[in-house]
Amino acid sequence: MTGNNSPIIGIDLGTSNSAVSWFSEDAARLIAAAGEGRLTPSVVGLDDEGQLLIGEAAKARLVSHPHLTVASFKRYMGTEKIFTLGDKSFRAEELSALVLRKLKTDAEVALGCVITRAAITVPAYFNDAQRKAVKAAGLMAGLEVERLLNEPTAAALAYGLADSREQKFLVFDLGGGTFDVSIVDMFEGVIEVRASSGDAWLGGDDFTEALRQWMLSRYPQLTLDNPELAASLTRQAESLKQQLSGQDLASASLTYGGEEYRWELNEATFQECCSGLLSRLKKPVVQALQDAQFDASQLDSVILVGGATRMPLVRQLVTRMFGRFPRNELNPDEVVALGAGVQAGLIAEDRALDDLVLTDVMPYSLGIEVARRHGDRIEEGFFSPLIERNAFVPVSVMQSFSTVNDNQRQIDIEVYQGESRKVSDNLLLDSMSVKVPARKAGEVSVDVRFTYTLDGILEVECKVSGEQTASTMIIEKAPGTLSQEEIALRLKQLDALKQHPRDIPENRQLAAEAAKRYEQTLGDRRQIIDHYATQFEQALERQDLRLIAAARDELRRVLDQLNDGL
């Protein structure tokens, strides 16, 4: 079988391990490589002759040949980061393509036919550039990516097929490099994702790094300047973490420079090392519950997904947060890949899945930059969301925007992703310009429509009032438009521009609280906060103490009322 008649495979492209599955005989089934397990380490390297190594063979050389081996590159999907292996350079999507190509080959050997189509999972909180990078990786691996499926949604599919009763559950997905939370409602064959949240820079690797830093603190003479020592420390830190998953005390040792170094670690010390990471796990949970308008008591269960949830301190945290033991009857390392296999069956319209319906949500808000007129002054840089986070997809939304200047001849449409009021804190995706007739400000309007598909493609359509034709832009740009480092640099530049009234602790604290509440709310509440926060900012700019005090009191009153209404 070839082409569109070939089997569709489901792939979990993970930070630490990847896996491939397909749907057959009423169930998703994992595919193992010949002579290997069902999990393929997401590691790429070169052997001594410069030939590529992928999976177990590459992982075996992480410590002995760190300059010829690379892992945990998934985090850098959608950025410009370059990885060097010997005399070769790779982007993260190229390394991912090599892993995908191996999984594709393993599936072809096992199924005895050519594979050209796949559903690939991504962290729910991956941004647009990262998702496009995964698609690019799939194409470079020779796969037509039929669907990008959020990882916690994939886990929900796997559990939904295994347990089809009506239920509400939270998917707690902590993998090697990312953390996702989804609230799922199952009823009458429908698997409905109500809300998703997460942290694309939090995972098991961070717990390993925390342990590595603890190990260095015990022996200050050890440093990370030597690549082989750094790799050995990482391997030993990983070993300590894994030992504590099954016993109360862990030990590690290594020999360097003719001396032996030893460490002993208990659960209490591990928890102390990782206290900041454990605190970060709570925020996405609270955010997802709030967006779904669920109370924790309404959940029938909490499902653990991802290899990092094997850590007892993570399971203890979840148990304390929800007052119940979480579920983990499906292998947390394999459940996402199994869900990807179910998705592949849905795409192939397998009869066994005729009664199963899946709905998913947008993990982030999409909108455009707008300017606002205040008397004779125009202030730019505000974010106007058209599709708010956790809207059901596919979705199509239209809003009208008017000119702000007399005799304006064009409107610039800049598309952003994020939750902040100011576009400088959000991610620029693309831009387009629309010609408009020169008239007085406000007399010309443009209808802007955002359409977001299940394939993760955003179409932007702009139509000037009174005209028949529309301008259209498809957001399908190459990945790496804006790196994490560039975002951090822009935030620092913004901080440097703060005017002195904002430096007063009381004002700075209130502005930060308003920004946080804006990110947490949706709809009318978001607009109310935006209105009073804008008045407060304008008062700060004018540096009139009486106006600042009045605007501050109004904003405080509104935030208190919204808090009381939760």
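Couple of notes before you dig in:
- Which listed pairs, of Lys74/Lys104; Lys104/Lys282; Lys135/Lys435; Lys135/Lys516; Lys132/Lys422; Lys59/Lys88, have C-alpha distances above 28 Å, in listed order: Lys104/Lys282; Lys135/Lys435; Lys135/Lys516
- Label point at Arg439 placed 7 Å out along Cα→Cβ; residues across segment 385-402 whose backbone nitrogen lies under 19 Å: 399-402
- Segment 503-562, relative contact order in percent, only Cα pairs under 8 angstrom and at least six apart counted: 37 percent
- Computed over segment 98-207, Kirkwood Rh from alpha-carbon pairs, angstrom: 15.3 Å
- Positive contributions from Lys and Arg (+1) and negative ones from Asp and Glu (-1), summed over other residues with Cβ under 11 Å from the Cβ of Glu380, come out at 0.
- Estimated inter-spin distance, Met398 and Asn328, nm [label 7 Å along Cα→Cβ]: 5.1 nm
- Packing rank of 194-203, 254-263, 268-277, where each peptide gets the mean count of other beta carbons within 10 Å, highest leading: 194-203, 268-277, 254-263
- Unit charges on C-beta of K, R, D, E only; dipole of segment 137-245, Debye: 400 debye
- Placed amide H near Leu149: partners under 5 Å, 5+ positions off or other chain: Ile120, Thr121, Val122
- Sequence-distant residues sharing a close amide H with Ser24 (under 5 Å, placed H): Arg29
- Between 0 and 90°, nearest 10: helix 335-347 axis offset from the chain longest Cα axis: 70 degrees
- Surface composition of segment 503-562: carbon and sulfur make up 49 percent of the accessible area, probe 1.4 Å.
- The share of accessible area on segment 204-274 that comes from carbon and sulfur is 42 percent, using a 1.4 angstrom probe.
- Accessible surface of segment 1-99 [probe 1.4 Å, protein heavy atoms]: carbon and sulfur percent: 47 percent
- Positive-end extreme of charge dipole, segment 503-562 - chosen from His531, Thr521, Asn507 (charges on Cβ): Thr521
- Between Ala162 and Asn266, the FRET efficiency estimated from the beta carbon spacing at R0 = 45 angstrom works out to 0.80.
- Averaged over its residues, segment 204-274 has an accessible area of 53 Å² per residue, based on protein heavy atoms and a 1.4 Å probe.
- Within segment 76-157, all pairs of alpha-carbon atoms sorted by distance into 10 Å bins from zero give the percentages 18, 44, 31, 7, 0.
- Long-range HN-HN contacts of Ser42 with modeled amide H, under 5 Å: Asn17, Ser18
- Relative contact order %, the chain, counting alpha carbon pairs below 8 Å whose residues are six or more apart: 13 percent
- Rounded if a/c under 1.5, otherwise prolate or oblate - segment 204-274, Cα gyration tensor axes: prolate
- If you sort the three axes of the alpha carbon gyration tensor as a ≥ b ≥ c, you get a/c of 1.5 or more for the chain and a/b above b/c, which makes it prolate.
- The chain - charge dipole about Cα centre, Lys and Arg +1 at Cβ, Asp and Glu -1, debye rounded to 20: 980 debye
- Between 0 and 90°, nearest 10: helix 128-140 axis offset from the chain longest Cα axis: 40 degrees
- Bridgeable aspartates and glutamates around Lys81 (alpha carbons under 15 Å apart, same-chain partners fewer than 8 residues away excluded): Glu93, Glu94, Glu485, Glu486.
- With Cα atoms, 0 to 90° folded angle of helix 92-111 axis to the chain main axis: 50 degrees
- Surface accessible to a 1.4 Å probe, Ser245 within the full protein complex, Å²: 50 Å²
- With each label modelled as a point 7 angstrom along the Cα→C-beta vector, the Gln247-Ser64 pair spans 2.6 nm.
The values are calculated or read from the model by the stated rules, or taken from the named source; none is laboratory data. Computed from a predicted model, the values in this text were never measured in an experiment. With ideal geometry, Cβ positions are generated from the backbone for all residues, glycine too; neighbour counts draw on all protein chains shown. For accessibility, only protein heavy atoms count, side chains too; no ligands or nucleic acids. Shrake-Rupley method; radii C 1.70, N 1.55, O 1.52, S 1.80 Å.
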